[in-house]
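The values are calculated or read from the model by the stated rules, or taken from the named source; none is laboratory data. Being a predicted model, the structure only gives us computed values, none of them experimental. All Cβ positions, even for glycine, are placed from backbone atoms using ideal geometry, and neighbour counts span all protein chains on display.
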Amino acid sequence: MAKCYMLASMSSVLKYQHSAMATAAEIMQNLANLFGTQNRTAKSQSFRSIITKSMKEGTSVRQHVLELMSHLNQIEVLGGTIDPESQVTIILQSLPPSFQQFKLNFEMINWDYTLAKLLTELQSAEDLMVQAKVAMLSLAPNSSGSKPRAGKKKVVYSNAFWEGQPRAAQSRT
């Protein structure tokens, strides 16, 4: 019965190839041989993407984590397994040095995060880092490097001031 359902759902080319097979198990084995290498290749590419992916400084942590989660999901769909703790570790290792304090806190407290919780916490950490950076920029000295001087201001006289003065006073300029 299973063989009939399988043959009925196949394209005509595949149906012709598999019609001579006696059992559904034989058909499944042949399909795995035909298309299994594509799954292995796709799984391998996803693993490679995860291993080589590192977040660039200044980019969105949300976008980065969602992309890694997509690759992890693809590996799972293709039959690969990575335990949840290792998934969190993979994401943490791909973060730039600006998240070093977050990673240290994570290790010290030994949190047990799901990927969704990790994403939320990383976004909060990123928001705090942005706020700290803005605060540091607002406290930084002006771009010229000199401080405004308090006290006497330099007085600039126009030519009109000297016109009514005696010659001796005019020569001081």
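Odds and ends about this structure:
- Any chance residue 104 is at pLDDT 85 or above, within 19 Å of the chain's Cα centre (by Cα) and surrounded by 15 or more Cβ atoms within 10 Å (Cβ to Cβ): no
- Looking across segment 67-125, the residues that are of a type in the set (Ser, Thr, Tyr) and within 16 Å of residue 43 (Cβ to Cβ) come down to 70, 81, 86.
- Residue check, residue 82 loosely packed, with under 11 Cβ neighbours inside 10 Å and among the hydrophobic types (A, V, I, L, M, F, W, C): no
- Unique match (being modelled with pLDDT of 90 or more, not in a helix (DSSP H, G or I) and not small (Gly, Ala, Ser)) among 59, 81, 89: 59
- Test: residue 51 is in contact with a helix residue (DSSP H, G or I) (Cβ under 6 Å, 6 or more places away or on another chain) and at negative phi: no
- Residue pairs meeting the criteria (Cβ under 9 Å; at least 6 apart or on separate chains; first closer than 16 Å to residue 115 by Cβ and touching a residue at least 40 places away in the same chain (Cβ under 8 Å), in segment 92-104; second assigned to a loop (DSSP other than H, G, I, E, B) and among the hydroxyl-bearing types (Ser, Thr, Tyr)): 94/54; 95/54
- Number of the exception - residue 48 against (1) outside any helix (DSSP H, G or I); (2) surrounded by fewer than 12 Cβ atoms within 10 Å (Cβ to Cβ); (3) within 19 Å of the chain's Cα centre (by Cα): (1)
- A single entry from 20, 32 fulfils the requirement of being part of a loop (DSSP other than H, G, I, E, B) and free of Cβ contacts under 8 Å to residues at least 24 places away in the same chain: 20.
- Pairs linking a residue in segment 43-60 that is under 27 Å from residue 130 (Cβ atoms) and in contact (Cβ under 8 Å) with a residue 40 or more places away in the chain to a residue that is of a type in the set (A, V, I, L, M, F, W, C) and in a helix (DSSP H, G or I), with Cβ atoms under 7 Å and 6 or more positions apart or on different chains, are 50/68; 50/72; 50/90; 53/68; 55/61.
- Residues of segment 103-125 satisfying the condition of being touching a Leu at 6+ places or on another chain (Cβ under 7 Å) and of a type in the set (Phe, Trp, Tyr): 106
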